[in-house]
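The values are calculated or read from the model by the stated rules, or taken from the named source; none is laboratory data. Bear in mind that the values here come from a model prediction, so they are computed numbers and not experimental data. Cβ coordinates were reconstructed from backbone atoms using ideal geometry, including for glycine residues, and neighbour counts include every protein chain displayed. The protein model used for the area step is the full one, side chains on, heavy atoms only, and it has no ligands, DNA or RNA in it. Shrake-Rupley method; radii C 1.70, N 1.55, O 1.52, S 1.80 Å.
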Amino acid sequence: AQGSVTASPSQYDGEYDCPVTVGTPGVTLPLDFDTGSSDLWVFSSELPASERSGHAYYTSSSSSTSKLDSGETWDISYGDGSGAEGNIYIDKVTIGGITVTSQAVEAAESVSSEFVSDTSNDGLVGFAFDSINTASPNHVQTWFGNAEAQLASPVFTANLKKGKAGNYNFGYIDSSEYTGSITYATINSANGFWEFSASGYAVGSGAFSSQSIDVIADTGTTLIYLPAAIVKAYYAKVSGSSNSASAGGYIFPCSATLPSLTIGIGSYKAVVPGTFLNYAPNTGSTCFGGLQSNAGIGLSILGDVFLKSQFVVFNQGVPKIGFAPG
Ligand SMILES: O=C(CCCl)NNC1=[NH+]CCN1
């Protein structure tokens, strides 16, 4: 089998949400596909009504195929401080025409304020490795982990776009979605992430600095977070930029022309256009950068600002990750 699903950007490309059908009869929810986590959870009838407002949700008792995963709970916290927790049902989950008949569906009993106010999604689908799934006392498998047996190849691809719909594909690599060739990096999945070593960086037309940068590819994080020294070198080329405590990161005059950012993957030079690095308006005539320091995060993250400039292959079989111009 193979499948494909549309990925729709929220405002400012903050996240990319995809339709996922759960239960019988199916309820279709827009879920945030997240390669930085490994829980599939949904807004549910078990939430207080106040936390469900503005959201669609899953009602396990209305699904004839739902079965309580007795004794199992989940409780997740994300890098941005948001979180959710609840209990678990086993039910049917279909994405892009591929159905997993016994998927652990983590039903939310409580969600943090970030999720209540983010009405773009009604939950997340984690596409990282099972080792960081939060279900307890037993891990549950990701949807992709369960779907792999149906796929010709243990791969999914991300073809995210700036300001318009893109897509995720499952089980195949569509050569019409990229140009040139795909360059792969070996994945170290010890921390449960799609983690690899980038080979260096360049700012605009400047010299490429060869250095190993430990990063994760994370569709669930909006921006790019790199070591402070690299970020400082980037904004040194943006006149009027400053690292603003009140804004929570680097800002600059919205009239600034931003240099591109090149990230090395092996010998491949992945270029993020300067326009992608003006993330969104801040206050007044200042704008907030799509590249920020990883200080306090503990690792570097290639989030959507980077990923939407590339075609990305996530191969869980090896594991390895591949990049090509989108
Ligand atoms: O939590 C992280 C960072 C892992 Cl280091 N990414 N995934 C995500 N999902 C919602 C907000 N962020």
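In segment 221-249, the residues that are within 16 Å of the ligand (Cβ to nearest atom) form Cβ pairs under 9 Å with partners that are assigned to a loop (DSSP other than H, G, I, E, B) and open to solvent by 50 Å² or more (accessible area, probe 1.4 Å), at six or more places apart or across chains, as follows: T221/G79; T221/D80; T222/D80; Y225/G79; Y225/A295; Y225/I297; P227/A295.
Considered as a group, the residues in segment 97-116 that are within 14 Å of the ligand (Cβ to nearest atom) and in a strand (DSSP E or B) include one that is surrounded by the most Cβ atoms within 10 Å (Cβ to Cβ), and that residue is E106.
So for segment 289-296 (the condition being at pLDDT below 95, farther than 21 Å from G163 by Cα and open to solvent by 30 Å² or more (accessible area, probe 1.4 Å)), does at least one residue qualify?
We begin by selecting, within segment 289-296, every residue at pLDDT below 95; these are 296.
So of that shortlist, the ones also farther than 21 Å from G163 by Cα come out as 296.
Narrowing the set further to residues that are open to solvent by 30 Å² or more (accessible area, probe 1.4 Å) leaves 296.
The answer is yes; a qualifying residue exists.
On the basis of being open to solvent by 20 Å² or more (accessible area, probe 1.4 Å), modelled with pLDDT of 95 or more and either acidic (D, E) or touching a strand residue (DSSP E or B) at 6+ places or on another chain (Cβ under 7 Å) (or both), does P273 make the cut? Even if it seems obvious, please write down each step before you answer.
Details: open to solvent by 20 Å² or more (accessible area, probe 1.4 Å): yes; modelled with pLDDT of 95 or more: yes; either acidic (D, E) or touching a strand residue (DSSP E or B) at 6+ places or on another chain (Cβ under 7 Å) (or both): no.
Against the criterion (open to solvent by 20 Å² or more (accessible area, probe 1.4 Å), modelled with pLDDT of 95 or more and either acidic (D, E) or touching a strand residue (DSSP E or B) at 6+ places or on another chain (Cβ under 7 Å) (or both)), P273 does not qualify.
Which residue, of T134, T94, T119, is surrounded by fewer than 20 Cβ atoms within 10 Å (Cβ to Cβ) and not hydrophobic (A, V, I, L, M, F, W, C)? Checking each option against the conditions leaves just T119.
Among the residues of segment 288-301, those that are away from the ligand (no atom under 11 Å from the Cβ) and either touching a helix residue (DSSP H, G or I) at 6+ places or on another chain (Cβ under 6 Å) or on the phi < 0 side of the Ramachandran plot (or both) comprise F288, G289, G290, L291, Q292, S293, A295.
One residue stands out among those in segment 77-96 that are of a type in the set (A, V, I, L, M) and away from the ligand (no atom under 14 Å from the Cβ): the one that is nearest to S45 (Cα to Cα), which is I88.
Need at least 1 residues that are under 23 Å from F33 (Cβ atoms) per element, so show me which strands (runs of 3 or more DSSP E) inside segment 248-326 make the cut, counting only ones lying wholly within it.
Values: elements: 249-253, 261-265, 268-272, 278-281, 286-289, 291-293, 300-302, 310-315, 320-325.
By residue number, 261-265, 268-272, 278-281, 291-293, 300-302, 310-315, 320-325.
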